[in-house]
Amino acid sequence: MRVLAFDTASRSTAVAVCDTGARSSFERRDDPPAGARPRHAGRLLELIAAAMADAGAGWPEIDRIVVGVGPGTFTGLRIGIATAHALARAREIPLVGVSTLESLALGAARTGSPEAVAAVLDARRGEVFAAAWIVVAGGERAQLGEQLLAPVAVAPAAFARELERVGDCVIAVGDGAVEFRAQLERSGAQIPEDTSHVHRVSAISHCELGQVLRAGAPEDVVPDYLRLPDAEISRRRS
């Protein structure tokens, strides 16, 4: 099966084409420098074309499209999921959505031998999008087991208190773990160096999660915002 996967839930734009039979994967990504705005709208289709060219795959060879449904920024998720809907309908390719947090955690689970992984994305407004899983086995074959903490949008200090209940040997990854390192490390969580690749959402992990899910109608794939968009919050306050 050849899978095209992409994610626009974070500041980065990540795209991958994976061939599950040949066990090959090709990833292209755009990671804006610190302080720069996300470039999903301008780069997503370009990166899709580049990843498909790397894999030597045309649209007839793509068996499934996988898109990250968040949680993440309102604009980023809207761009990624709208693009996924359009491609799936135009090319008549099955579409599935996967959790961006779960994908981030899966990638980290295969680095070393953590007993549990917390995926933490910067949600702005002084909050994080976060969740945690037990890690089953270890190394390259590691999988995520029981979900210890369900996805939430919460203050970093509050999530740190939840991590304290999980116990030791928890690795926390993601741009939120980097941004709020001090709070999370007080919980006992281990956080890799800021420059580690495990903090980046990888579309290759999306491929693995999405290939085993049952595809439905494109309109069934919807964003998981976890909270109201900024504009709606402002409207309600006014």
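The values are calculated or read from the model by the stated rules, or taken from the named source; none is laboratory data. Keep in mind it's a predicted model, so treat the numbers as computed, not measured. Here the Cβ positions follow ideal geometry from the backbone for every residue, glycine too, while neighbour counts run over all protein chains shown.
Considering the range 139-151, and only residues there that are free of Cβ contacts under 8 Å to residues at least 40 places away in the same chain and touching a helix residue (DSSP H, G or I) at 6+ places or on another chain (Cβ under 8 Å), the residue that is nearest to Tyr225 (Cα to Cα) turns out to be Leu149.
Among the residues of the range 57-86, which ones are under 20 Å from the mean Cα position of the chain (by Cα), among the aliphatic types (A, V, I, L, M) and part of a helix (DSSP H, G or I)? Scanning the range 57-86 gives Leu77, Ile79, Ile81, Ala82, Ala84.
Only residues that are of a type in the set (D, E, K, R) and either under 13 Å from Val120 (Cβ atoms) or in contact (Cβ under 8 Å) with a residue 60 or more places away in the chain (or both) were counted across the range 152-193, and they come to 5.
Here Leu213, Leu163 are screened, and the one residue that is aliphatic (A, V, I, L, M), over 15 Å from the mean Cα position of the chain (by Cα) and surrounded by 20 or more Cβ atoms within 10 Å (Cβ to Cβ) is Leu163. Has the range 210-218 got at least one residue that is modelled with pLDDT under 90, outside any helix (DSSP H, G or I) and not small (Gly, Ala, Ser)? So far as the range 210-218 goes, no, none of its residues is modelled with pLDDT under 90, outside any helix (DSSP H, G or I) and not small (Gly, Ala, Ser). Looking across the range 99-134, just one residue is β-branched (Val, Ile, Thr), surrounded by fewer than 24 Cβ atoms within 10 Å (Cβ to Cβ) and assigned to a strand (DSSP E or B), and that is Ile134.
Restricting to the range 1-46, count the residues that are closer than 13 Å to Val66 by Cα and surrounded by fewer than 18 Cβ atoms within 10 Å (Cβ to Cβ). Residues flagged as closer than 13 Å to Val66 by Cα and surrounded by fewer than 18 Cβ atoms within 10 Å (Cβ to Cβ) within the range 1-46 amount to 1. I'd like to know if the range 65-78 contains one or more residues that are among the polar types (S, T, N, Q) and surrounded by fewer than 22 Cβ atoms within 10 Å (Cβ to Cβ). Checking the range 65-78: at least one residue is among the polar types (S, T, N, Q) and surrounded by fewer than 22 Cβ atoms within 10 Å (Cβ to Cβ). I need the full set of residues from the range 194-209 which are touching an Asp or Glu at 6+ places or on another chain (Cβ under 7 Å), touching a residue at least 60 places away in the same chain (Cβ under 8 Å) and in a helix (DSSP H, G or I), in order please. Of everything in the range 194-209, those that are touching an Asp or Glu at 6+ places or on another chain (Cβ under 7 Å), touching a residue at least 60 places away in the same chain (Cβ under 8 Å) and in a helix (DSSP H, G or I) turn out to be Ala203, Ile204, His206, Leu209. Scanning the range 1-56 for residues that are among the acidic types (Asp, Glu), in a strand (DSSP E or B) and closer than 20 Å to Ala119 by Cβ returns Asp7, Glu27.
Scanning the range 180-210 for residues that are crowded, with 16+ Cβ neighbours inside 10 Å, within 18 Å of the chain's Cα centre (by Cα) and either over 20 Å from Ala108 (Cβ atoms) or hydroxyl-bearing (Ser, Thr, Tyr) (or both) returns Ser202, Ser205.
Free of Cβ contacts under 8 Å to residues at least 40 places away in the same chain, within 26 Å of Tyr225 (Cβ to Cβ) and touching a strand residue (DSSP E or B) at 6+ places or on another chain (Cβ under 7 Å), is that true of Arg43? It is true that Arg43 is free of Cβ contacts under 8 Å to residues at least 40 places away in the same chain, within 26 Å of Tyr225 (Cβ to Cβ) and touching a strand residue (DSSP E or B) at 6+ places or on another chain (Cβ under 7 Å). Filtering the range 135-157 to residues that are in a strand (DSSP E or B) and charged (D, E, K, R) leaves only Glu146.
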